[in-house]
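See below for the structure under consideration.
Rule-based calculations on the coordinates, nothing more; no lab input. Treat the numbers as computed from the prediction; the structure is a model and nothing was measured. Here the Cβ positions follow ideal geometry from the backbone for every residue, glycine too, while neighbour counts run over all protein chains shown.
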Amino acid sequence: MSESCLLNAILELGKILKEKHPEVSTKLLFNFNTYNKIQLSDMMTSFQCLFVKSIDSPLGILDIDSLIENHVESVKDIINNVLCESVMRKPVLKRTPIG
């Protein structure tokens with residue numbers, strides 16, 4: 001997912017949240033205005049993982065409405081800076097061959 005697609009998806013998420021969960025939308029906007037570069041990067045990475053996980057595989061479509069409907073707690077966790085393990089990718093350990 002490119003950075004521009006990610007940002008557009010987050011903006012669309014914010015618009016829908018403003019209608020359905022205004023307090024969460026306000027917190028998201030607050031984060032963008034107050035977070036430092038590392039915090040923004042972490043939040044955007046978490047959103048990217050959630051968005052990729054939520055894409056309808058056969059069609060390759062991200063439906064923000066259904067994402068909010070099915071994963072609102074994950075969205076709130078990301079916005080409230082709570083580690084959301086169900087969203088984050090599992091680390092891949094790579095071993096270097098010896099010899």
| query | Among Asp56, Asp63, which comes first, second and so on when ranked by fewest other beta-carbon atoms within 10 Å? | reply | Asp56, Asp63
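Let me know the shape class of region 3-79, please: from the alpha-carbon gyration tensor, a ≥ b ≥ c as square roots of the eigenvalues, rounded when a/c is under 1.5, otherwise prolate if a/b is greater than b/c, or oblate. Don't skip to the answer; put the middle values down first.
Values: a/c = 1.90, a/b = 1.30, b/c = 1.47.
Here region 3-79 falls in the oblate category.
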| query | Using the count of nearby Cβ atoms within 10 Å as a rough guide to exposure, how do Ile38, Ile68 rank from fewest to most? | reply | Ile38, Ile68
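Counting other Cβ atoms within 10 Å of each Cβ, which trypsin sites (Lys or Arg not before Pro) in region 5-84 have at most 10 and sit in a DSSP loop? Provide the component values of the computation, followed by the final result.
Working: sites: Lys15, Lys18, Lys20, Lys27, Lys37, Lys53, Lys76; in loops: none.
When the trypsin sites (Lys or Arg not before Pro) of region 5-84 are filtered for loop state and at most 10 Cβ neighbours within 10 Å, nothing remains.
How high is the relative contact order of region 3-79? Use alpha-carbon pairs under 8 Å, at least six apart in sequence, and give a whole percent.
Numbers: 44 pairs, mean separation 26.5, N = 77.
Value for region 3-79: 34 percent.
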